[in-house]
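Worksheet: the structure to be examined is printed underneath.
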Amino acid sequence: MTLSVNAQINFTEFNGEVIDGKSNRTLEAVSLNVNETNISTITNSEGEFTLKVPNKYLDSKVIVSLLGYNTRVLPLSELTRDGNEIKLYEAVTELSAVSISAFKDAEKLIRKVFKEKNNNVQNESVYMTAFYRETIKRRSRNVSLTEAVVNILKQPHTTSQRDAIKLGKARKSTDYKRLDTVSVKLQGGPFSTIYLDIMKYPEYIFTDETISSYRFTFDEPSTINGRNVYVVNFRPRNNSLNLNYNGKLYIDTQSLALVSADYALDVSNKNKTKNLLVKKKPSDVTVYPLEANYKVDYKAKNGKWYYSYSNLSLKFKVNKKREIFNKVYTLSSEMAVTDWEINTNDIKIRHKDRLRPTVIITDAISGFSDPNFWGEYNLIEPDKSIESAIEKIKKSIEKEREKEREQTVNGQP
(Lines give C-alpha, C1' and ligand atoms only; values in the text may rest on other atoms or scores of the structure.)
Protein backbone atom coordinates (compact mmCIF):
# COMPACT_ATOMS: atom_id res chain seq x y z
CA MET A 1 0.00 0.00 0.00
CA THR A 2 1.25 3.50 -0.82
CA LEU A 3 1.01 6.68 1.16
CA SER A 4 -1.97 8.75 0.09
CA VAL A 5 -1.37 12.46 -0.50
CA ASN A 6 -4.97 13.23 0.33
CA ALA A 7 -4.80 16.16 2.73
CA GLN A 8 -7.61 14.68 4.80
CA ILE A 9 -5.55 11.60 5.69
CA ASN A 10 -3.41 12.38 8.72
CA PHE A 11 -1.77 9.01 9.21
CA THR A 12 0.87 6.92 7.49
CA GLU A 13 0.53 3.19 6.94
CA PHE A 14 3.40 0.71 7.21
CA ASN A 15 3.18 -2.90 6.01
CA GLY A 16 5.49 -5.89 6.28
CA GLU A 17 6.21 -9.10 8.14
CA VAL A 18 8.16 -10.24 11.19
CA ILE A 19 10.32 -13.35 10.92
CA ASP A 20 12.67 -15.43 13.04
CA GLY A 21 16.16 -14.11 12.24
CA LYS A 22 17.70 -17.57 12.27
CA SER A 23 15.10 -19.83 10.63
CA ASN A 24 13.24 -17.19 8.57
CA ARG A 25 10.01 -18.61 9.98
CA THR A 26 7.21 -16.04 10.16
CA LEU A 27 6.21 -15.08 13.70
CA GLU A 28 2.60 -14.83 14.87
CA ALA A 29 1.22 -12.48 17.56
CA VAL A 30 4.23 -10.16 17.53
CA SER A 31 3.40 -6.81 19.13
CA LEU A 32 4.36 -3.57 17.35
CA ASN A 33 3.95 -0.54 19.61
CA VAL A 34 4.68 3.10 18.77
CA ASN A 35 7.06 4.29 21.49
CA GLU A 36 5.66 6.58 24.19
CA THR A 37 2.11 6.03 22.93
CA ASN A 38 -0.49 3.28 23.36
CA ILE A 39 -0.87 2.81 19.59
CA SER A 40 -0.15 -0.77 18.60
CA THR A 41 -0.96 -3.67 16.34
CA ILE A 42 -0.11 -7.37 16.14
CA THR A 43 1.05 -9.75 13.41
CA ASN A 44 -1.38 -12.28 11.99
CA SER A 45 -0.92 -16.06 11.75
CA GLU A 46 1.42 -15.54 8.78
CA GLY A 47 3.60 -12.92 10.47
CA GLU A 48 2.16 -10.00 8.49
CA PHE A 49 1.29 -6.60 9.93
CA THR A 50 -0.23 -3.25 9.08
CA LEU A 51 0.58 -0.34 11.39
CA LYS A 52 -1.16 3.02 10.97
CA VAL A 53 0.68 5.87 12.70
CA PRO A 54 -0.67 9.41 13.10
CA ASN A 55 1.71 11.74 11.25
CA LYS A 56 2.52 13.66 14.43
CA TYR A 57 4.33 10.54 15.70
CA LEU A 58 6.44 9.83 12.60
CA ASP A 59 9.61 10.88 14.43
CA SER A 60 8.95 8.12 16.99
CA LYS A 61 10.20 4.55 17.16
CA VAL A 62 8.35 1.25 16.98
CA ILE A 63 8.95 -1.41 19.63
CA VAL A 64 8.71 -4.95 18.23
CA SER A 65 8.36 -7.65 20.88
CA LEU A 66 7.41 -11.30 21.32
CA LEU A 67 7.66 -13.63 24.28
CA GLY A 68 10.93 -15.59 24.06
CA TYR A 69 12.61 -13.14 21.66
CA ASN A 70 14.87 -10.12 22.06
CA THR A 71 12.94 -6.89 21.59
CA ARG A 72 13.82 -4.61 18.67
CA VAL A 73 13.39 -0.84 18.63
CA LEU A 74 13.29 0.71 15.14
CA PRO A 75 12.91 4.36 14.11
CA LEU A 76 9.79 4.74 11.98
CA SER A 77 11.94 6.76 9.58
CA GLU A 78 13.81 3.53 8.71
CA LEU A 79 10.63 1.74 7.64
CA THR A 80 9.26 1.86 4.12
CA ARG A 81 5.55 2.04 3.40
CA ASP A 82 5.49 -1.56 2.19
CA GLY A 83 7.62 -4.70 2.13
CA ASN A 84 9.27 -4.28 5.54
CA GLU A 85 10.96 -7.41 6.89
CA ILE A 86 11.73 -7.28 10.61
CA LYS A 87 13.88 -10.01 12.12
CA LEU A 88 13.67 -11.08 15.76
CA TYR A 89 16.15 -13.39 17.47
CA GLU A 90 15.44 -15.83 20.26
CA ALA A 91 16.56 -14.63 23.68
CA VAL A 92 18.81 -16.63 25.99
CA THR A 93 17.21 -16.50 29.43
CA GLU A 94 19.32 -16.85 32.55
CA LEU A 95 17.65 -16.53 35.93
CA SER A 96 19.86 -15.84 38.89
CA ALA A 97 20.14 -18.38 41.68
CA VAL A 98 18.13 -16.03 43.88
CA SER A 99 15.29 -15.83 41.35
CA ILE A 100 15.23 -19.57 40.86
CA SER A 101 15.20 -20.37 44.58
CA ALA A 102 12.63 -17.70 45.41
CA PHE A 103 9.77 -20.00 44.43
CA LYS A 104 10.45 -23.70 44.72
CA ASP A 105 6.72 -24.38 44.80
CA ALA A 106 5.02 -23.34 41.56
CA GLU A 107 1.56 -23.44 43.14
CA LYS A 108 2.61 -20.92 45.80
CA LEU A 109 3.83 -18.62 43.03
CA ILE A 110 0.49 -18.79 41.20
CA ARG A 111 -1.46 -18.18 44.40
CA LYS A 112 0.70 -15.12 45.07
CA VAL A 113 0.12 -13.84 41.51
CA PHE A 114 -3.66 -13.87 41.95
CA LYS A 115 -3.67 -12.79 45.60
CA GLU A 116 -1.51 -9.73 44.95
CA LYS A 117 -2.73 -8.92 41.43
CA ASN A 118 -4.03 -5.50 42.50
CA ASN A 119 -0.41 -4.41 42.91
CA ASN A 120 0.25 -5.04 39.22
CA VAL A 121 -2.87 -4.73 37.11
CA GLN A 122 -4.78 -1.58 36.17
CA ASN A 123 -6.57 0.02 39.12
CA GLU A 124 -8.36 2.72 37.15
CA SER A 125 -10.97 2.91 34.42
CA VAL A 126 -9.44 2.65 30.93
CA TYR A 127 -11.05 3.48 27.57
CA MET A 128 -9.74 1.21 24.82
CA THR A 129 -10.06 0.93 21.05
CA ALA A 130 -9.74 -2.62 19.76
CA PHE A 131 -10.03 -4.57 16.53
CA TYR A 132 -12.12 -7.75 16.61
CA ARG A 133 -12.29 -10.51 14.02
CA GLU A 134 -14.37 -13.69 14.06
CA THR A 135 -14.44 -16.45 11.45
CA ILE A 136 -16.59 -19.55 11.28
CA LYS A 137 -15.60 -22.38 8.99
CA ARG A 138 -17.47 -25.51 7.98
CA ARG A 139 -14.71 -28.03 7.52
CA SER A 140 -12.05 -25.88 5.77
CA ARG A 141 -14.41 -23.43 4.06
CA ASN A 142 -15.17 -19.96 5.45
CA VAL A 143 -18.92 -19.54 5.96
CA SER A 144 -18.95 -16.43 8.15
CA LEU A 145 -16.57 -13.48 8.57
CA THR A 146 -17.09 -10.65 11.06
CA GLU A 147 -14.76 -7.70 11.60
CA ALA A 148 -15.32 -4.77 13.92
CA VAL A 149 -13.69 -1.84 15.66
CA VAL A 150 -15.03 -1.64 19.21
CA ASN A 151 -14.60 0.65 22.19
CA ILE A 152 -14.08 -1.05 25.53
CA LEU A 153 -14.69 0.65 28.86
CA LYS A 154 -12.34 -1.48 30.95
CA GLN A 155 -13.31 -1.29 34.59
CA PRO A 156 -10.72 -1.36 37.39
CA HIS A 157 -9.66 -4.85 38.38
CA THR A 158 -10.26 -3.87 41.99
CA THR A 159 -14.01 -3.60 41.38
CA SER A 160 -16.68 -6.13 40.46
CA GLN A 161 -18.00 -3.92 37.65
CA ARG A 162 -18.15 -5.70 34.30
CA ASP A 163 -16.46 -4.24 31.24
CA ALA A 164 -18.69 -2.50 28.69
CA ILE A 165 -18.28 -2.71 24.91
CA LYS A 166 -19.63 -0.37 22.23
CA LEU A 167 -19.64 -1.20 18.53
CA GLY A 168 -17.82 1.41 16.47
CA LYS A 169 -17.62 0.14 12.91
CA ALA A 170 -18.33 -3.36 11.60
CA ARG A 171 -18.84 -5.52 8.55
CA LYS A 172 -20.05 -9.09 8.34
CA SER A 173 -20.89 -11.63 5.70
CA THR A 174 -22.46 -15.04 6.32
CA ASP A 175 -23.32 -17.84 3.91
CA TYR A 176 -26.53 -18.97 5.59
CA LYS A 177 -26.91 -21.89 3.19
CA ARG A 178 -23.76 -23.44 4.64
CA LEU A 179 -24.12 -22.21 8.22
CA ASP A 180 -27.38 -23.23 9.84
CA THR A 181 -27.48 -20.38 12.36
CA VAL A 182 -31.16 -21.00 13.05
CA SER A 183 -30.31 -24.50 14.20
CA VAL A 184 -27.17 -23.87 16.25
CA LYS A 185 -25.70 -20.61 17.50
CA LEU A 186 -22.06 -20.91 18.56
CA GLN A 187 -20.69 -18.85 21.43
CA GLY A 188 -18.82 -15.96 19.87
CA GLY A 189 -18.75 -12.18 19.84
CA PRO A 190 -16.38 -9.64 21.43
CA PHE A 191 -17.30 -10.71 24.97
CA SER A 192 -15.91 -14.19 24.35
CA THR A 193 -12.47 -12.64 23.90
CA ILE A 194 -12.73 -10.01 26.66
CA TYR A 195 -13.67 -12.69 29.20
CA LEU A 196 -10.29 -14.35 28.55
CA ASP A 197 -8.78 -11.54 30.65
CA ILE A 198 -8.25 -13.90 33.58
CA MET A 199 -6.86 -11.14 35.78
CA LYS A 200 -10.26 -9.42 35.55
CA TYR A 201 -12.32 -12.61 35.32
CA PRO A 202 -10.39 -15.32 37.23
CA GLU A 203 -13.63 -17.14 38.03
CA TYR A 204 -13.60 -18.62 34.53
CA ILE A 205 -10.51 -20.68 35.32
CA PHE A 206 -8.74 -20.04 38.67
CA THR A 207 -10.27 -19.32 42.06
CA ASP A 208 -8.93 -19.92 45.58
CA GLU A 209 -10.84 -23.19 45.59
CA THR A 210 -9.99 -24.47 42.10
CA ILE A 211 -6.25 -23.69 42.18
CA SER A 212 -5.69 -26.67 44.50
CA SER A 213 -7.27 -28.93 41.86
CA TYR A 214 -4.36 -28.25 39.50
CA ARG A 215 -0.77 -29.43 39.53
CA PHE A 216 1.71 -26.63 38.76
CA THR A 217 5.30 -27.22 37.63
CA PHE A 218 8.09 -24.95 36.45
CA ASP A 219 9.20 -25.04 32.81
CA GLU A 220 12.25 -23.40 31.23
CA PRO A 221 12.14 -19.62 31.87
CA SER A 222 11.59 -17.13 29.06
CA THR A 223 12.06 -13.42 28.27
CA ILE A 224 10.00 -10.50 27.00
CA ASN A 225 11.08 -6.87 26.59
CA GLY A 226 14.36 -7.65 28.33
CA ARG A 227 12.60 -8.97 31.45
CA ASN A 228 12.83 -12.54 32.71
CA VAL A 229 9.65 -14.57 32.88
CA TYR A 230 8.75 -17.66 34.90
CA VAL A 231 6.98 -20.31 32.83
CA VAL A 232 4.56 -22.49 34.80
CA ASN A 233 2.79 -25.54 33.36
CA PHE A 234 -0.55 -26.55 34.82
CA ARG A 235 -2.82 -29.57 34.45
CA PRO A 236 -5.65 -31.11 36.51
CA ARG A 237 -4.71 -33.31 39.46
CA ASN A 238 -7.86 -35.35 38.81
CA ASN A 239 -11.28 -34.92 37.21
CA SER A 240 -12.92 -33.34 40.25
CA LEU A 241 -13.77 -30.09 38.42
CA ASN A 242 -16.65 -29.72 36.00
CA LEU A 243 -14.25 -28.16 33.50
CA ASN A 244 -10.55 -28.97 33.35
CA TYR A 245 -7.85 -26.92 31.63
CA ASN A 246 -4.18 -27.41 30.92
CA GLY A 247 -1.59 -24.98 29.63
CA LYS A 248 1.12 -22.47 30.50
CA LEU A 249 1.26 -19.27 32.56
CA TYR A 250 4.00 -16.68 32.01
CA ILE A 251 4.89 -14.61 35.09
CA ASP A 252 7.15 -11.54 35.19
CA THR A 253 9.89 -12.37 37.73
CA GLN A 254 10.19 -8.78 38.99
CA SER A 255 6.58 -7.78 39.54
CA LEU A 256 4.98 -11.28 39.63
CA ALA A 257 2.42 -10.03 37.10
CA LEU A 258 0.82 -12.33 34.56
CA VAL A 259 2.39 -11.60 31.17
CA SER A 260 0.56 -14.22 29.12
CA ALA A 261 -1.55 -17.35 29.40
CA ASP A 262 -1.90 -20.10 26.82
CA TYR A 263 -4.27 -22.96 27.65
CA ALA A 264 -6.84 -25.46 26.41
CA LEU A 265 -10.03 -27.07 27.65
CA ASP A 266 -9.90 -30.81 28.27
CA VAL A 267 -12.59 -32.14 25.91
CA SER A 268 -11.93 -35.84 26.48
CA ASN A 269 -15.01 -36.32 28.67
CA LYS A 270 -17.91 -35.91 26.26
CA ASN A 271 -20.56 -36.09 28.95
CA LYS A 272 -19.07 -33.04 30.70
CA THR A 273 -18.44 -30.93 27.62
CA LYS A 274 -21.35 -31.70 25.28
CA ASN A 275 -23.42 -28.62 24.38
CA LEU A 276 -21.05 -26.57 26.52
CA LEU A 277 -20.02 -23.88 24.03
CA VAL A 278 -23.29 -23.15 22.26
CA LYS A 279 -25.79 -20.37 22.87
CA LYS A 280 -28.82 -22.07 21.40
CA LYS A 281 -29.79 -25.34 19.72
CA PRO A 282 -32.84 -27.52 18.96
CA SER A 283 -33.57 -30.55 21.13
CA ASP A 284 -32.58 -33.10 18.47
CA VAL A 285 -29.06 -31.65 18.11
CA THR A 286 -26.01 -32.45 20.25
CA VAL A 287 -22.82 -30.40 19.96
CA TYR A 288 -19.47 -31.87 21.01
CA PRO A 289 -16.38 -29.65 21.28
CA LEU A 290 -13.38 -31.29 19.62
CA GLU A 291 -10.87 -28.55 20.50
CA ALA A 292 -10.97 -25.39 22.62
CA ASN A 293 -7.79 -23.28 22.77
CA TYR A 294 -7.33 -19.91 24.46
CA LYS A 295 -4.67 -17.20 24.73
CA VAL A 296 -4.40 -13.83 26.50
CA ASP A 297 -1.54 -11.29 26.58
CA TYR A 298 -0.82 -8.24 28.73
CA LYS A 299 1.43 -5.20 28.27
CA ALA A 300 3.18 -3.11 30.90
CA LYS A 301 2.95 0.70 31.10
CA ASN A 302 4.26 2.78 34.00
CA GLY A 303 4.50 -0.23 36.29
CA LYS A 304 0.99 -1.56 35.59
CA TRP A 305 -0.12 -4.37 33.28
CA TYR A 306 -3.04 -3.93 30.87
CA TYR A 307 -5.11 -6.34 28.79
CA SER A 308 -3.64 -6.30 25.28
CA TYR A 309 -4.74 -9.26 23.14
CA SER A 310 -6.72 -12.49 23.31
CA ASN A 311 -7.86 -15.20 20.96
CA LEU A 312 -9.82 -18.43 21.02
CA SER A 313 -10.27 -21.31 18.61
CA LEU A 314 -13.19 -23.70 19.06
CA LYS A 315 -13.85 -26.77 16.96
CA PHE A 316 -17.26 -28.46 17.16
CA LYS A 317 -18.96 -31.58 15.88
CA VAL A 318 -22.71 -31.14 15.42
CA ASN A 319 -24.77 -34.32 15.59
CA LYS A 320 -28.38 -34.32 14.50
CA LYS A 321 -30.72 -37.24 14.97
CA ARG A 322 -31.62 -39.15 11.82
CA GLU A 323 -28.75 -37.56 9.88
CA ILE A 324 -25.91 -39.84 8.80
CA PHE A 325 -23.17 -37.24 8.45
CA ASN A 326 -21.97 -34.93 11.21
CA LYS A 327 -21.14 -31.28 10.57
CA VAL A 328 -17.81 -29.92 11.83
CA TYR A 329 -17.42 -26.19 12.46
CA THR A 330 -14.47 -24.11 13.64
CA LEU A 331 -14.98 -20.74 15.31
CA SER A 332 -11.94 -18.50 15.68
CA SER A 333 -12.00 -15.04 17.19
CA GLU A 334 -9.38 -12.57 18.32
CA MET A 335 -9.27 -9.07 19.71
CA ALA A 336 -6.26 -6.73 19.78
CA VAL A 337 -6.20 -3.44 21.68
CA THR A 338 -4.87 -0.84 19.22
CA ASP A 339 -5.05 2.27 21.43
CA TRP A 340 -6.12 3.22 24.94
CA GLU A 341 -6.16 5.99 27.49
CA ILE A 342 -6.72 6.32 31.22
CA ASN A 343 -10.35 7.38 31.59
CA THR A 344 -9.58 10.71 33.29
CA ASN A 345 -12.56 12.35 31.54
CA ASP A 346 -14.97 9.78 33.01
CA ILE A 347 -16.14 8.56 29.59
CA LYS A 348 -19.35 6.52 29.82
CA ILE A 349 -20.93 4.02 27.44
CA ARG A 350 -24.68 4.54 27.55
CA HIS A 351 -26.77 1.46 28.23
CA LYS A 352 -28.52 1.74 24.87
CA ASP A 353 -25.12 1.71 23.11
CA ARG A 354 -23.71 -1.26 25.02
CA LEU A 355 -23.34 -4.59 23.30
CA ARG A 356 -24.92 -7.52 25.11
CA PRO A 357 -22.80 -10.61 25.84
CA THR A 358 -25.25 -12.53 23.62
CA VAL A 359 -24.83 -10.10 20.71
CA ILE A 360 -24.85 -11.34 17.13
CA ILE A 361 -23.54 -8.59 14.84
CA THR A 362 -25.88 -8.11 11.89
CA ASP A 363 -24.73 -8.40 8.29
CA ALA A 364 -23.25 -5.30 6.65
CA ILE A 365 -21.39 -6.83 3.71
CA SER A 366 -21.10 -3.62 1.67
CA GLY A 367 -18.04 -2.62 3.69
CA PHE A 368 -15.96 -5.35 2.07
CA SER A 369 -16.04 -3.53 -1.26
CA ASP A 370 -14.43 -0.39 0.20
CA PRO A 371 -10.60 -0.64 0.39
CA ASN A 372 -10.53 2.35 2.77
CA PHE A 373 -13.31 1.05 5.02
CA TRP A 374 -11.21 1.07 8.21
CA GLY A 375 -9.62 4.47 7.62
CA GLU A 376 -7.14 5.35 10.38
CA TYR A 377 -8.08 2.39 12.60
CA ASN A 378 -5.40 -0.22 13.18
CA LEU A 379 -6.37 -3.80 12.48
CA ILE A 380 -4.99 -7.31 12.40
CA GLU A 381 -3.82 -7.99 8.85
CA PRO A 382 -5.97 -10.82 7.37
CA ASP A 383 -4.22 -14.09 6.60
CA LYS A 384 -4.46 -15.73 3.18
CA SER A 385 -7.66 -17.69 3.87
CA ILE A 386 -9.44 -14.55 5.10
CA GLU A 387 -8.14 -12.53 2.14
CA SER A 388 -9.61 -15.21 -0.13
CA ALA A 389 -12.95 -14.98 1.71
CA ILE A 390 -12.96 -11.17 1.36
CA GLU A 391 -12.28 -11.47 -2.39
CA LYS A 392 -15.27 -13.80 -2.76
CA ILE A 393 -17.45 -11.38 -0.82
CA LYS A 394 -16.30 -8.52 -3.07
CA LYS A 395 -17.17 -10.53 -6.18
CA SER A 396 -20.59 -11.35 -4.73
CA ILE A 397 -21.23 -7.64 -4.04
CA GLU A 398 -20.14 -6.71 -7.56
CA LYS A 399 -22.46 -9.35 -9.08
CA GLU A 400 -25.39 -7.95 -7.11
CA ARG A 401 -24.56 -4.42 -8.23
CA GLU A 402 -24.24 -5.53 -11.85
CA LYS A 403 -27.62 -7.23 -11.62
CA GLU A 404 -29.15 -4.04 -10.20
CA ARG A 405 -27.63 -1.96 -13.02
CA GLU A 406 -29.01 -4.34 -15.66
CA GLN A 407 -32.47 -4.17 -14.09
CA THR A 408 -32.29 -0.35 -14.08
CA VAL A 409 -31.24 -0.24 -17.77
CA ASN A 410 -34.05 -2.63 -18.70
CA GLY A 411 -36.58 -0.57 -16.79
CA GLN A 412 -37.29 -3.27 -14.24
CA PRO A 413 -38.21 -2.21 -10.70
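The values are calculated or read from the model by the stated rules, or taken from the named source; none is laboratory data. In this text, all values refer to a predicted model and were calculated from it rather than measured experimentally. Backbone-built Cβ (ideal geometry, glycine too); neighbour counts: all protein chains shown. These accessible areas exclude ligands, DNA and RNA; they are computed on the full protein's heavy atoms, side chains included. Shrake-Rupley method; radii C 1.70, N 1.55, O 1.52, S 1.80 Å.
Where is the GNM fluctuation largest for the chain (alpha-carbon springs, 10 angstrom cutoff): S65, S310, S268?
S268
Based on the alpha-carbon gyration tensor of segment 359-400 and its eigenvalue square roots a ≥ b ≥ c, which shape applies: rounded if a/c is under 1.5, prolate if not and a/b is larger than b/c, or oblate?
Rounded shape, in that the Cα axes give a/c under 1.5.
Averaging over every viewing direction, what projected area does the convex hull of the Cα atoms of segment 319-365 cover, in nm²?
6.9 nm²
Could you go through segment 233-243 in sequence order and give the Karplus-derived ³J(HN,Hα) for each residue, using 6.51 cos²θ - 1.76 cosθ + 1.60 with θ = phi - 60°, rounded to whole Hz, and x for Gly and Pro?
The phi angles translate into 7, 9, 7, x, 6, 7, 9, 6, 7, 5, 10 Hz.
Would you work out which of G226, I165, N372 lies farthest towards the positive end of the dipole of the chain? Charges go on Cβ: Lys and Arg +1, Asp and Glu -1.
I165
Between K392 and Q161, what is the label-to-label distance in nm when each label sits 7 Å out along the Cα-to-Cβ direction?
Here the modelled spin labels are 4.3 nm apart.
So, by mean Cβ neighbours within 10 angstrom, what's the order for 67-74, 143-150 with the highest one leading?
Ranked from most to least packed, the peptides come out as 143-150, 67-74.
Counting Lys and Arg as +1 and Asp and Glu as -1, what is the net charge of the other residues whose Cβ lies under 12 Å from the Cβ of R171?
Around R171, the charge tally is 0.
List residues of segment 76-96, by number, whose backbone nitrogen lies under 20 Å from a label position 7 Å along Cα→C-beta of N233.
The answer is 93-95, whose backbone nitrogens lie closer than 20 Å to the label point.
Tell me, rounded to the nearest percent, the portion of alpha carbon pairs in segment 266-413 spaced more than 26 Å apart. It would help to have the intermediate numbers written out before the result.
Numbers: 5915 of 10878 pairs.
Roughly 54 percent, rounded to a whole number.
Semi-axes of the equivalent ellipsoid of segment 233-297: what are they in whole Å, largest first, if each equals the square root of 5 times a C-alpha gyration tensor eigenvalue? Before the final figure, lay out the partial values.
Values: eigenvalues 179, 38, 13 Å².
For segment 233-297, the semi-axes come out at 30, 14, 8 Å.
Could you give the nm distance between label points at S366 and K115, where each point is 7 Å from its Cα heading toward the beta carbon?
5.8 nm
Output ³J(HN,Hα) for segment 17-28: one whole-Hz value per residue in order, computed from phi by the Karplus curve 6.51 cos²θ - 1.76 cosθ + 1.60 with θ = phi - 60°, and x for Gly and Pro.
Once θ is set to phi - 60°, the couplings for segment 17-28 become 9, 10, 10, 6, x, 9, 9, 6, 6, 5, 10, 8 Hz.
In 10 Å bins starting at 0, how do the alpha-carbon pair distances of segment 104-163 split up by percent?
Binned Cα distances yield the sequence 18, 26, 24, 24, 9.
From the phi angles alone, apply the Karplus equation (6.51, -1.76, 1.60; θ = phi - 60°) to segment 115-121 and give each ³J(HN,Hα) in whole Hz, x where the residue is Gly or Pro.
Residue by residue, segment 115-121 yields 5, 9, 4, 5, 6, 10, 8 Hz.
All other residues with a Cβ under 11 Å from the Cβ of Y195 taken together, and with Lys, Arg as +1 and Asp, Glu as -1, what is their net charge?
Values: positive: R162, K200; negative: D163, D197, E203.
Net of charged neighbours comes to -1.
Divide, for segment 41-96, the radius of gyration over alpha carbons by 2.2 N^0.38 Å, where N is the residue count.
1.30
With label points built 7 Å along Cα→Cβ from the Cα atoms of H351 and T286, find their separation and express it in nm.
4.2 nm
If I take R0 = 41 Å and measure r between the Cβ atoms of E404 and D59 in this structure, what FRET efficiency does the formula 1/(1 + (r/R0)^6) give, to the nearest 0.05?
Approximately 0.30, to the nearest 0.05.
Note down the net charge around F103, summing +1 for each Lys or Arg and -1 for each Asp or Glu among other residues with Cβ under 11 Å from its Cβ.
+2
Taking Cα atoms of segment 186-306, Rg/Rh with Kirkwood Rh, to two decimals?
Looking at segment 186-306, the ratio lands at 1.01.
With a 10 Å cut-off between alpha carbons and a GNM built on the chain, which of N55, N238, N302 moves the most?
Fluctuation is largest for N302.
Can you sort S333, S255, S240 by 1.4 Å-probe accessible area, starting with the largest?
S240, S255, S333
Test of understanding: in a Gaussian network model of the chain with alpha carbons linked when under 10 Å, which of R133, R141, R171 would top the mean-square fluctuation ranking?
Most flexible of the set in this elastic network: R141.
Quick check: residue separation of K301 and K169 times 0.36 nm, minus the Cα distance between them. What number comes out in nm?
Numbers: separation 132, 0.36 × 132 = 47.52 nm, distance 2.75 nm.
Answer, rounded to one decimal: 44.8 nm.
Quick one: how many lysine pairs does segment 85-161 have with C-alpha atoms less than 19 Å apart and a gap of 8 or more or different chains? Give me the count, please.
Eligible lysine pairs with Cα atoms under 19 Å apart amount to 4.
Suppose we look only past 20 Å in the calculated P(r) of segment 5-130. What percent of the Cα-Cα pairs does that tail hold? Display every interim value, and only then the final one.
Numbers: 4576 of 7875 pairs.
Tail of P(r) above 20 Å: 58 percent of Cα pairs.
Distances over 38 Å make up what percent of all Cα-Cα pairs in the chain? If you can, show how the numbers build up before the last one.
Working: 20329 of 85078 pairs.
Tail of the P(r) past 38 Å holds 24 percent of the pairs.
Apply 1/(1 + (r/R0)^6) to the Cβ-Cβ distance of E94 and D266, taking R0 = 35 Å, and write down the FRET efficiency to the nearest 0.05. Provide the component values of the computation, followed by the final result.
Numbers: r = 34 Å, r/R0 = 0.97.
About 0.55, to the nearest 0.05.
Name the long-range amide H neighbours of F216: under 5 Å, sequence gap of 5 or more, or other chain; modelled H, no Pro or chain starts.
E107
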